[in-house]
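Student: Next up is a structure, given as C-alpha cells.
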Amino acid sequence: MLTVGSVSSADSQLGAAADVPQGRAAPFTLPGRQTLAAYAQNAWAHVECSAVLPGNYDQLKCQIGTLEVVKEDHPDSTAEPGLTASGQAEAAKSDVETRSSGANEELAKLKAGTITTTPEHKTYWTDLAAVGHEMESAGDSSAIKAAWSKMREIEKNTCRIAFGAQELTFARTGENRWVSNPGPQGSCQEVVVHVLDLGRTQETPSPSWQYTQKSVSAALDVFPWCRAIKLRINRPKVYGAAPNHGIEAGCKYLTVDTVW
C-alpha cells in the first residue's frame, strides 16, 4: 500500500467538522473543484470529485486533468546491457531515424499548409530533420556517433508541454484516503496508482485534496518508446494546495505531448 501524502491527526476532521460546536454532528462535504500544484515539478492537476452514490462516500467519481512542462532526457538506448559496438550503432541509427522521420512528416505538413506551428516548434523539427540527414550520410561509426550525440543534445534542451484528462473511480481505504488503480493502460501497459488524501494545512483551512500519482510498473520492452517510462517508475508525483509557482523551463525547444 502506498504511504505517500499522509494527513496529520490535527487535520483528520472532514469537511467543516472542526467548526461545528461540540455535541453537534457535522455534515460530510467534499472540496469543490480544485487546482493543485505539484511540489517538485512544473505540473498542475485539476481535481473535481463527487460521490458515486448520493450520501455514500465509499466510492468517488473524479475528473482529473493535468498540465505539466517536462524537461527530461530519454533513456540511452545505446547503453542497453550486452550490446556490441555494432549493436550500439544500430540503436543510435534507429533512434535518430525514428525522431527525424517524424520531424520530416511534420515539416511536410507545414509546407503543404495543412498545419501551422510556432517558430520555436519549427526549429525543433528542422534541427531533428537535419540530424536525420546527417545520419543518412554517415559512413563510419564516428559519424554515426556524432549524429546521435546531436540528437541527444536536442532532447536535453527540449521541454514538452504535456496534458491529459481522466475520469477515475476511487475506493475509500481510510478515513481520509481514497485509492484508484485502474490497471494496465496504453500501449506500454503502464500501471499507475492514484491516491487522494483529504486534509487541511495552515495555508488552506478549508478541506483540500492532496493528489498523488505513482507509476508502479510497465511493459518496458514492448516498444522502444516504452523505455522512457522507466524514469518515473516508483517516483511519486504529489500535487497539493501549495502556492502556485512559475515555470522553470530553460528550454531551447518546445513541443506538445499528450499524456493520455
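Student: Dipole of the stretch 77-159, Cα-centred, from +1 at each Lys and Arg C-beta and -1 at each Asp and Glu C-beta, to the nearest 20 debye? Working shown, then result.
Tutor: Values: 9 positive and 13 negative charges, 39 e Å.
With Lys and Arg at +1 and Asp and Glu at -1, about 180 debye.
Student: To make sure I understand, if each residue's beta carbon is the centre and we count other beta carbons within 10 Å, what order do Phe170, Phe223, Phe163 fall in, fewest to most?
Tutor: Details: Phe170 22, Phe223 10, Phe163 14.
Least crowded to most crowded, the residues run Phe223, Phe163, Phe170.
Student: On to the next question. I want to make sure I understand the PRE zone here: with the label point 7 angstrom from the Cα of Ile115 toward its beta carbon, which residues in the stretch 125-157 have backbone N atoms less than 16 Å away?
Tutor: Hits in the stretch 125-157 for Ile115 at 16 Å: 125-130.
Student: Give me the one-decimal nm value for the distance between modelled label points at Glu136 and Ser50, 7 Å along each residue's Cα-to-Cβ direction.
Tutor: Those two pseudo-labels are separated by 5.5 nm.
Student: Could you tell me which GluC sites (Glu not before Pro) in the stretch 106-211 are loop residues by DSSP with no more than 11 other beta carbons within 10 angstrom of their beta carbon?
Tutor: Working: sites: Glu106, Glu120, Glu134, Glu136, Glu153, Glu155, Glu167, Glu175, Glu190, Glu203; in loops: Glu175, Glu203.
Of the GluC sites (Glu not before Pro), the ones in loops of the stretch 106-211 whose Cβ has at most 11 other Cβ atoms within 10 Å are Glu175, Glu203.
Student: Related question: Which entries in the list Lys122/Lys252; Lys122/Lys237; Lys122/Lys156; Lys145/Lys252; Lys111/Lys145 go over 20 Å, if you measure between the two C-alpha atoms of each? Display every interim value, and only then the final one.
Tutor: Working: Lys122/Lys252 12 Å; Lys122/Lys237 31 Å; Lys122/Lys156 17 Å; Lys145/Lys252 22 Å; Lys111/Lys145 30 Å.
From the list (Lys122/Lys252; Lys122/Lys237; Lys122/Lys156; Lys145/Lys252; Lys111/Lys145), the Cα-Cα distance tops 20 Å for Lys122/Lys237; Lys145/Lys252; Lys111/Lys145.
Student: Which value, in Å to one decimal place, does the Kirkwood hydrodynamic radius take for the stretch 67-138 when every pair of different Cα atoms is included?
Tutor: On the way: mean 1/r = 0.0720 Å⁻¹.
Kirkwood radius, the stretch 67-138: 13.9 Å.
Student: Between Ala219 and Thr173, what is 0.36 nm times their sequence separation minus the Cα-Cα distance? Round to one decimal in nm. Before the final figure, lay out each step's value.
Tutor: Working: separation 46, 0.36 × 46 = 16.56 nm, distance 2.77 nm.
Result: 13.8 nm gained on full extension.
Student: Oh, and also: Could you give the nm distance between label points at Lys145 and Leu254, where each point is 7 Å from its Cα heading toward the beta carbon?
Tutor: Result for the modelled spin labels: 3.7 nm.
Student: Which residue, Asn56, Val131, Cys159, has the largest displacement toward the positive end of the dipole of the stretch 50-166 when charges sit on each Cβ (Lys, Arg +1; Asp, Glu -1)?
Tutor: It is Asn56, whose Cα lies furthest towards the positive end.
Student: Additional query: Using 0.36 nm times the number of residues separating Thr98 and Glu153, minus their current alpha carbon distance, what extension gain do you get?
Tutor: Working: separation 55, 0.36 × 55 = 19.80 nm, distance 1.59 nm.
Contour length minus Cα-Cα distance gives 18.2 nm.
Throughout, read-outs are computed from the coordinates displayed, never taken from laboratory work. Just so it is clear, the model here is predicted, and its values are computed rather than measured. FYI the Cβ positions are ideal-geometry reconstructions off the backbone, even for glycines, and counts take in every protein chain you see.
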